[in-house]
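Visitor: One structure follows; several queries about it will come next.
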Amino acid sequence: MTWSEMVPLLWEATKESAYMVLVATLLTAVGGLLVGVALVLTDRGGLLALRPVNALLGLIVNIGRSLPFIILLVAIIPFTRAVVGTTIGTSAAIVPLTVGAIPFYARIVETAIREVNRDVVAAARAMGASRREIVVKVLLREARPGLVAGLTITVVALVGYSAMAGVVGGGGLGDLAIRYGYQRFETEVMIATVVLLVVFVQLAQMLGDLVARRLSHR
Amino acid sequence: MIRINGLRKTYRGRGGDVAAVAGVDLTVRAGEVFGVLGRSGAGKSTLLRCVNMLERPDAGTITVDGVDLAGLSETGLRTARQRIGMIHQHFALLSSRTAAGNVSFPLEVMGMPRRQRADRVAELLDLVGLRDRAGAYPAQLSGGQKQRVGIARALAGEPKVLLSDEATSALDPDTTGSILALLRDLNQRLGLTILLITHEMEVVKRICDSVAIMSDGVITEAGPVHELLAKPDSALARGIFRLGPPPVLDDATIVDVTVVGDGSLISAVARAHDVDVRILDGSVETLAGGRAGRLRLALPGSPASNAAALDQLRASAVAVEVHP
Ligand SMILES: Nc1ncnc2c1ncn2[C@@H]1O[C@H](COP(=O)(O)OP(=O)(O)OP(=O)(O)O)[C@@H](O)[C@H]1O
Ligand SMILES: [Mg+2]
């Protein structure tokens, strides 16, 4: 395969990967924050202690985390159809990516929030802060460096997951590497995609580290 | 100002129940600095956390400035808490906010508009002498400076009451001194009532008007410092005036005399009764309410033969204890 043949393929795949990972990251950030906060609040001694809810949520998150992604991808096909109206294509791949990443990020969010100094939470309560104020202005705000670092890890994991999106016709760099590099022995394509994936991950990590460092005042 | 009645709080745990506060009655008068002194694990923090309902008591009532806190709804309690300041051993500042941002937090909670907030924050930082460090993050401040931010933050709601949980325990002696001086100053200038807990006798000596001694969840003695010092068997007095066990002397009367102000009465007694008063031991302390001391004297002869001198001591000292 010549360069002129390869470049459009790589460009198309890069766009698909970027689209999948970015949209899935945004959705995961929102979902993971909500679930992570819920896990902390409903736990014993939490601001909204509700043990049964906590136990159920924890179970769902653990099931989500223990399923191999490739199985999740297929298992939720009916759900994907209900959400985006189709089960193949890049948009369809975003659904399993998000569903798979939310439990992963939610646990990171939970851990980051638990790291917030208990005294500070007590101090906020002593000042008359409401639950909402404590969540927004204390827990999430104080945990921000950890939340960003965790999101970076999640993005990198999503890049990995997205390589399997080809199964549902999602395209992307991973799919290209498998179809051309692995199945058709086009070694150049394989190497090129791998290099691009490395660059992708590298950029995500650098950006994440930079933001996390900016936010940290410890 | 603060009235605590029949307060109980038991923690239930795997290793059994811990009665952290096991029936406490306490009254803190308006405008005084009240210290609760006790060893680690005595239940002091639990007691303090019950005063603003950070911990819900199992039994008992707590009234702050005439308001029964246990009877309040969640919303009512939040409003009441805005009028009760609290400072913490490890400062409990938001690491993600500057000094000014930390002081601003309670004002945001109270719903003060942004414009007014900036002025009020500057005023509060001024009050604690930290105006020039407004933009510093807690990580860039010394322990003493952090506690000053904590104090400014606690005063944001113009509270009548300040609760202090070991506010100086994490500080060195000099810094402790300056923070205690600041608290005393705020107490006098603003008429702020302070309820503080501590395990350090030094804190009690320096700023407390009244004190309660707590151990194993109960108060063993309580009252104004000068009244407790006048009691020969007071644990506070024994803690402040550290005299050892009395020596055994033949044909001598050993007597512990507690005095306030200067100790001129000793020479007056020696002169009036023509006795050779020997001072065996003694401790004179500068307290928040003035100077006080306890001296161990030896008078020649039996207690009976010194009856007149002892009577004069009893008449003019705040406490006299004759050792048998
Ligand atoms: N949240 C809790 N759960 C269970 N037990 C607790 C809890 N908080 C305190 N205790 C127990 O209650 C008792 C009193 O604790 P408290 O913190 O009130 O003591 P303290 O006098 O403040 O001690 P220190 O000087 O060490 O701070 C201790 O035995 C402690 O182990
Ligand atoms: Mg304590």
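The values are calculated or read from the model by the stated rules, or taken from the named source; none is laboratory data. For clarity, every value in this text was computed on a predicted model and none was experimentally measured. Cβ: placed from backbone, ideal geometry, glycine included. Neighbour counts: every protein chain shown. Just the protein is used for accessible areas: all its heavy atoms, side chains included, with ligands, DNA and RNA removed. Shrake-Rupley method; radii C 1.70, N 1.55, O 1.52, S 1.80 Å.
Visitor: Given the conditions (1) within 10 Å of chain A (Cβ to nearest Cβ); (2) outside any helix (DSSP H, G or I), which single one is not true for residue B:22?
Guide: With respect to (1) within 10 Å of chain A (Cβ to nearest Cβ); (2) outside any helix (DSSP H, G or I), residue B:22 is out only on (1).
Visitor: Looking at B:198, B:168, B:176 in this structure, which one is surrounded by 23 or more Cβ atoms within 10 Å (Cβ to Cβ), assigned by TED's automatic domain parsing to the domain that holds residue B:127 and farther than 24 Å from residue B:4 by Cα? Please lay out each step first, then the result.
Guide: Values: B:198 fails: farther than 24 Å from residue B:4 by Cα; B:176 fails: surrounded by 23 or more Cβ atoms within 10 Å (Cβ to Cβ).
Criteria check complete, one pass: B:168.
Visitor: Within 8 Å of another protein chain (Cβ to nearest Cβ), basic (Lys, Arg) and under 30 Å from residue A:147 (Cα atoms), is that true of residue B:133?
Guide: Considered against the rule, which asks whether it is within 8 Å of another protein chain (Cβ to nearest Cβ), basic (Lys, Arg) and under 30 Å from residue A:147 (Cα atoms), residue B:133 comes out as no.
Visitor: If I filter segment B:70-78 for residues that are within 16 Å of ligand 2 (Cβ to nearest atom), small (Gly, Ala, Ser) and out of contact with any Cys (no Cβ under 8 Å at 6 or more places or on another chain), do I get at least one hit?
Guide: No - not one qualifying residue is present in segment B:70-78.
Visitor: If residue B:90 satisfies all but one of (1) open to solvent by less than 60 Å² (accessible area, probe 1.4 Å); (2) within 16 Å of ligand 1 (Cβ to nearest atom), what's the number of the condition it fails?
Guide: So residue B:90 meets the others, but not (1).
Visitor: Let me ask something additional. Tell me which residues, restricted to segment B:23-36, are away from ligand 2 (no atom under 16 Å from the Cβ) and either among the small types (Gly, Ala, Ser) or surrounded by fewer than 14 Cβ atoms within 10 Å (Cβ to Cβ) (or both).
Guide: Matches in segment B:23-36: B:23, B:29, B:30, B:31.
Visitor: Also, I was wondering about something else. Just to check your reading of the model, which residue among B:56, B:8, B:12 is surrounded by fewer than 17 Cβ atoms within 10 Å (Cβ to Cβ), in a loop (DSSP other than H, G, I, E, B) and without any contact (Cβ under 8 Å) to a residue 60 or more places away in the chain?
Guide: The conditions single out B:56.
Visitor: Now for a separate question. Can you give me the number of residues within segment B:12-50 that are within 12 Å of ligand 1 (Cβ to nearest atom) and either touching a strand residue (DSSP E or B) at 6+ places or on another chain (Cβ under 7 Å) or more than 15 Å from residue B:84 (Cα to Cα) (or both)?
Guide: Here the count works out to 26.
Visitor: Pick out the one residue from B:192, B:162, B:229 that is open to solvent by less than 20 Å² (accessible area, probe 1.4 Å), within 27 Å of residue A:128 (Cβ to Cβ) and away from chain A (no Cβ under 14 Å).
Guide: Working: B:162 fails: away from chain A (no Cβ under 14 Å); B:229 fails: within 27 Å of residue A:128 (Cβ to Cβ).
Going through B:192, B:162, B:229 in turn, the sole match is B:192.
Visitor: Would segment B:40-47 turn up any residue that is of a type in the set (S, T, N, Q), away from every other protein chain (no Cβ under 13 Å) and either within 12 Å of ligand 2 (Cβ to nearest atom) or within 21 Å of residue B:220 (Cβ to Cβ) (or both)?
Guide: Taking segment B:40-47 first, the residues of a type in the set (S, T, N, Q) are B:40, B:45-46.
Subsequent filtering for residues that are away from every other protein chain (no Cβ under 13 Å) retains B:40.
Still in the list and also either within 12 Å of ligand 2 (Cβ to nearest atom) or within 21 Å of residue B:220 (Cβ to Cβ) (or both): B:40.
Within segment B:40-47, one or more residues are of a type in the set (S, T, N, Q), away from every other protein chain (no Cβ under 13 Å) and either within 12 Å of ligand 2 (Cβ to nearest atom) or within 21 Å of residue B:220 (Cβ to Cβ) (or both).
Visitor: Here are some residues: B:272, B:288. Which one is out of contact with any helix residue (DSSP H, G or I) (no Cβ under 6 Å at 6 or more places or on another chain) and open to solvent by 20 Å² or more (accessible area, probe 1.4 Å)? Steps first, please.
Guide: Details: B:288 fails: out of contact with any helix residue (DSSP H, G or I) (no Cβ under 6 Å at 6 or more places or on another chain).
One residue alone meets the criteria, B:272.
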